[in-house]
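The structure under discussion appears below in the form of structure tokens.
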Amino acid sequence: MRLPGVFPLDQTMKEASDTSPSRRQVLRLAAMATACAISAKASNAEVLSRETNSAHVPTDGVSTFESVWQTVRDQFYDARHNGLDWLAIRERYLPDVERATSQDSVARVINTMLSELHASHTRFYTPDEPEYYQLADIFVGALRRRGLQRAFPDGRISYPGIGIISGFEAAGRNTITGVIDGTPAQQAGLRAGDEIIAADGTAFEPIGSFRGKVGKSVVLEVRRGASVVQIPVMPVDLEPTRMFLRGLESSARVIESNGRRIGYVHVWCYAGYIYQRALEHLLSQGALKDADALIWDLRDGWGGAQPEYLDLFNARSPTMQVTDQSGTTAFVNVKWRKPVAMLINGGTRSGKEVLAYGFKKYRLGELIGTRTEGAVLAATAFLIGSGLLLLAVEDVRVDGERRARRFYSASANREAEQTMAAFVHAFHRWPR
């Protein structure tokens, strides 16, 4: 399975009826809706591997390194490896792997080597990272042919967690960048921007802090602004696809203001048509069907979206409603013909960036936020040793062009926590 622009790929002019609110009204209401519905977000940071306290010397460290190196040699999308002497790269990093004293230190060496390729969708993950399980679930079809049963004997992919997106900054701080709707983290009141210092009195680890504690209370020590607070949370066994799907559905809400109804929905992961179907259901029959306008949040999480998803906003194509003998009704070719704004930030990557590009180019609505990451390559996954290698295996051009890093800019260059200001900025730009 290869997902163009994964993360992990994911036009027409939108027509508004005479009864739809004006753009000016939409943005004014959207700003208020955003303030109510969306938490502030901390600066996006690259996730860094950490050295653990484990004294275990990984006997398969060298073989894992060799397998990763060979897979990159044979499968990386650029046969010239972006101008690197790949054999020389091996010789340079092999001594570091031979000196490694833990699984995490092996991963650190491998990821330092991979970083020399300067390619998105290319990283080695360990079972101590939520991304390991999330990517295994996203690429489950391909991994069934690549040793999935060895890593997950019962075929079920899950991990103990609370439903946050976080990353270790260079200073070693673990900062929450997203709280997935409908998860224990949201229920406990955790917020984007919180720094998790400890769990039950010991240093916080994204997976390790919750192992063996599913269904039990774990007390997190959290730095929030200038204060440090204790927040109890109950971890659960998370299945990634179900978590992201529930997150999408749970995020859907309508905020009423001045007689108008603004809908909001956050698509945390777009790696599969299941998420698009869920969105279409919300818009045609679910919580958002009576909204006057839509805020479509594509910040953070995984990509994987296909360009055709933008056809949801093609006002020139009909929608059918079909009803069977039992009275069950379904909609075919769902369309949204009301005003829409898309939210993006530096965590909007890959297939979601293709959507952002098309959304802006074909003027489907207002694009709000910061520049996206600029990570559009086609990737697949390999289970190697005790870890998972995500590898860019195909180049991607959008409308015939190869896009550079951080390439789709929004209409307002604002940080994510200034989304409301971005709406106001856009409001003044639109015709009155």
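The values are calculated or read from the model by the stated rules, or taken from the named source; none is laboratory data. None of these values were measured; they are calculated from a predicted model. Reconstructed Cβ throughout: ideal geometry from the backbone, glycine too, with neighbour counts over all protein chains shown. Quick note on the areas: whole protein, heavy atoms, side chains included, nothing else; ligands and nucleic acids left out. Shrake-Rupley method; radii C 1.70, N 1.55, O 1.52, S 1.80 Å.
The selection criterion, being out of contact with any His (no Cβ under 8 Å at 6 or more places or on another chain) and not in a loop (DSSP other than H, G, I, E, B), holds for Arg150. Applying the condition of being open to solvent by 50 Å² or more (accessible area, probe 1.4 Å) and outside any strand (DSSP E or B) to the range 185-209 and asking which residue is nearest to Glu131 (Cα to Cα) yields Glu205. Return yes when Arg371 is in a loop (DSSP other than H, G, I, E, B) and either modelled with pLDDT of 50 or more or more than 27 Å from Lys338 (Cβ to Cβ) (or both) and no when it is not. The answer is yes for Arg371. As a summary of the residue check, Ile165 satisfies the conditions (1) aliphatic (A, V, I, L, M); (2) under 16 Å from Leu388 (Cα atoms); (3) open to solvent by 30 Å² or more (accessible area, probe 1.4 Å) except for the one numbered (2).
Screening Tyr264, Tyr309 for residues that are of a type outside the set (Lys, Arg), in contact with a helix residue (DSSP H, G or I) (Cβ under 7 Å, 6 or more places away or on another chain), assigned to a strand (DSSP E or B) and crowded, with 22+ Cβ neighbours inside 10 Å leaves exactly one candidate, Tyr264. When Leu390, Leu364 are screened for being part of a strand (DSSP E or B) and open to solvent by less than 10 Å² (accessible area, probe 1.4 Å), only Leu390 passes.
Of all residues in the range 257-279, those that are at positive phi have Cβ atoms under 9 Å from Cβ atoms of residues that are open to solvent by 10 Å² or more (accessible area, probe 1.4 Å) and part of a strand (DSSP E or B), 6 or more apart or on another chain, in Gly272/Leu3. Of all the numbered requirements in (1) in a helix (DSSP H, G or I); (2) open to solvent by less than 50 Å² (accessible area, probe 1.4 Å), Gln70 misses one, and that requirement is (2). The sole residue among Val214, Val233, Val228, Val218 that is touching a Pro at 6+ places or on another chain (Cβ under 7 Å), open to solvent by 60 Å² or more (accessible area, probe 1.4 Å) and farther than 25 Å from Ala287 by Cα is Val214.
Residues checked against (1) among the aliphatic types (A, V, I, L, M); (2) more than 27 Å from Gly167 (Cα to Cα); (3) open to solvent by 20 Å² or more (accessible area, probe 1.4 Å); (4) modelled with pLDDT under 95:
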| residue | (1), (2), (3), (4) |
| --- | --- |
| Ser43 | no, no, yes, yes |
| Glu51 | no, no, yes, yes |
| Thr59 | no, yes, yes, yes |
| Leu87 | yes, yes, yes, no |
| Ala107 | yes, no, no, no |
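Scanning the range 190-230 for residues that are over 25 Å from the mean Cα position of the chain (by Cα) and β-branched (Val, Ile, Thr), we see that the one that is nearest to Ile162 (Cα to Cα) is Val218. Considering only residues in the range 168-184 that are more than 19 Å from Cys269 (Cα to Cα), open to solvent by 10 Å² or more (accessible area, probe 1.4 Å) and of a type outside the set (Gly, Ala, Ser), the one that is farthest from the chain's Cα centre (by Cα) turns out to be Arg173.
Results for (1) outside any loop (DSSP other than H, G, I, E, B); (2) at pLDDT 95 or above; (3) among the polar types (S, T, N, Q); (4) under 21 Å from Glu249 (Cβ atoms), shown as yes or no for each residue.
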{"residue": "Val322", "(1), (2), (3), (4)": "yes, no, no, no"}
{"residue": "Ser326", "(1), (2), (3), (4)": "no, no, yes, no"}
{"residue": "Val334", "(1), (2), (3), (4)": "no, no, no, yes"}
{"residue": "Arg349", "(1), (2), (3), (4)": "no, no, no, no"}
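Which one of Gly193, Gly182 is at pLDDT below 95 and in contact with an Asp or Glu (Cβ under 8 Å, 6 or more places away or on another chain)?
Gly193
Under the condition of being open to solvent by 70 Å² or more (accessible area, probe 1.4 Å) and under 22 Å from Gly304 (Cβ atoms), the residues counted in the range 275-290 number 2. The single residue among Arg145, Arg223, Arg156 that is in a strand (DSSP E or B), surrounded by fewer than 20 Cβ atoms within 10 Å (Cβ to Cβ) and of a type in the set (D, E, K, R) turns out to be Arg223.
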